[in-house]
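Engineer: Before we start, here is the structure in question, set down as C-alpha cells.
The values are calculated or read from the model by the stated rules, or taken from the named source; none is laboratory data. This is a predicted model, so every value here is computed, not measured. Cβ coordinates were reconstructed from backbone atoms using ideal geometry, including for glycine residues, and neighbour counts include every protein chain displayed.
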Amino acid sequence: MKRTWYLILLAVGGGATHGRAIRDRVAELSDGEVQLWPTSLYGALRELLAAGYLQEAAPDTEEDARRRGYELTPTGREAVHEGTRRIEALAARAREITDAV
C-alpha cells in the first residue's frame, strides 16, 4: 500500500472526516514529512473510494453539508490493520538487526 494511502486511511480511522482535516491529520501523523496538496489529496481520495477503502459520509451538521466527508469501509479498516502489521513486522526485524550490531 502506498504510504500516502496508509496515512489517509489512518487519518480517517477516527470517524468521518473532510478533506482539509484529512490533510492536516496526515501532516501531523507524518511529523510534517507528508504534505498533501489538493490535487494529490483529492486524487488519492478518488482512488481510495474506487478501491473500496473509503466511502462518502453523511454530514453531521448543516454546515458540514458543504463539505464532502469520508469514512472507512470494512475493507479500508482491514487495510489499515494489515498496513500496521507490516510496519510492526519491519520494525521488529530492524530492532533485531540493530541489536545484533
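Engineer: Can you report the number of residues in the stretch 4-28 which are modelled with pLDDT of 95 or more and either of a type outside the set (Ser, Thr, Tyr) or under 20 Å from Arg67 (Cβ atoms) (or both)? Before the answer, list the steps.
Structural biologist: Going residue by residue through the stretch 4-28, those that are modelled with pLDDT of 95 or more are 4-12, 22-28.
Next, from what is left, pick out any that are either of a type outside the set (Ser, Thr, Tyr) or under 20 Å from Arg67 (Cβ atoms) (or both): 5, 7-12, 22-28.
Residues flagged as modelled with pLDDT of 95 or more and either of a type outside the set (Ser, Thr, Tyr) or under 20 Å from Arg67 (Cβ atoms) (or both) within the stretch 4-28 amount to 14.
Engineer: So Ala58 ticks every box in (1) among the small types (Gly, Ala, Ser); (2) surrounded by 14 or more Cβ atoms within 10 Å (Cβ to Cβ); (3) touching a residue at least 40 places away in the same chain (Cβ under 8 Å) but one. Which box is left unticked?
Structural biologist: Every condition holds for Ala58 apart from (2).
Engineer: Turning to a different aspect of this structure: Here is a check on your reading of the model: is Ala65 modelled with pLDDT under 95, over 13 Å from Trp5 (Cα atoms) and of a type in the set (A, V, I, L, M)? If you could, list the steps in order and put the result at the bottom.
Structural biologist: Working: modelled with pLDDT under 95: yes; over 13 Å from Trp5 (Cα atoms): yes; of a type in the set (A, V, I, L, M): yes.
Answer is yes for this residue.
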